[in-house]
Amino acid sequence: MFTKYNNLDLLELFWSETESLTGEMGDGEVLYRRAIGDFKLTLFIYSYEMKCNVFLSYKDEDILSIELDNISELRKNEDQLYFISSESVELCVTFGKVFSVKFEDK
């Protein structure tokens, strides 16, 4: 199993290319970054471990750190990125004038 995602969708949301965490693009460990004003969002994807880490900072101070396990898919819908585990949404990040992060109730 692995985390499924579309590179083009993430490029559209993050406005940046994929960066490898290890220097080996094919190993499934990548990151994406985007800044909106003083806010910065960083997404680490560990595809073969089915893990994602999301960090949100304001003026270089961390304000949110989330580790998600068993993420089977990242799915884009317009300006939102959904983190899906076993067909249910775990987290939604909205890319607007600022970042909005919403945990889904179970």
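Laid out as a table, the results:
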{"item": "Under the Debye formula (equal points on every Cα, no solvent term), log10 I(q)/I(0) of the chain at q = 0.19 Å⁻¹", "result": "-0.96"}
{"item": "Spacing of the two label points (7 Å from each Cα toward its C-beta) at Thr94 and Glu73, in nm", "result": "2.2"}
{"item": "Helix-only mean residue ellipticity at 222 nm for the chain, each DSSP H run of n ≥ 4 adding -39500 (n - 2.57), per residue, nearest 500", "result": "-2000 deg cm²/dmol"}
{"item": "Accessible surface, 1.4 Å probe, highest first, among residues Met1, Met50, Met25", "result": "Met1, Met25, Met50"}
{"item": "Label-reachable residues, segment 83-102, where backbone N falls under 17 Å from a point 7 Å from Arg34's Cα toward its Cβ", "result": "83-84, 91-102"}
{"item": "Contact order relative to length of the chain, as percent, for alpha carbon pairs under 8 angstrom and 6 or more apart", "result": "20"}
{"item": "Range in the chain, longest, excluding exposed GluC sites (Glu not before Pro) [loop by DSSP; at most 15 other beta-carbon atoms within 10 Å]", "result": "25-77"}
{"item": "Heavy-atom accessible area per residue - the chain, 1.4 Å, Å²", "result": "61"}
{"item": "Share of carbon and sulfur in the accessible heavy-atom surface of the chain [1.4 Å probe, %]", "result": "48"}
{"item": "Values of log10 I(q)/I(0), in the order q = 0.18, 0.24, 0.26 Å⁻¹, for segment 41-101 under a Debye, Cα-only, solvent-free model", "result": "-0.63, -1.04, -1.16"}
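The values are calculated or read from the model by the stated rules, or taken from the named source; none is laboratory data. Here the structure is a predicted model, which is why all the values come from computation and not from measurement. Note that we place each Cβ from the backbone using ideal geometry, even for glycine, and neighbour counts take in every protein chain shown. Side chains included, ligands, DNA and RNA excluded: accessible areas come from the protein's heavy atoms. Shrake-Rupley method; radii C 1.70, N 1.55, O 1.52, S 1.80 Å.
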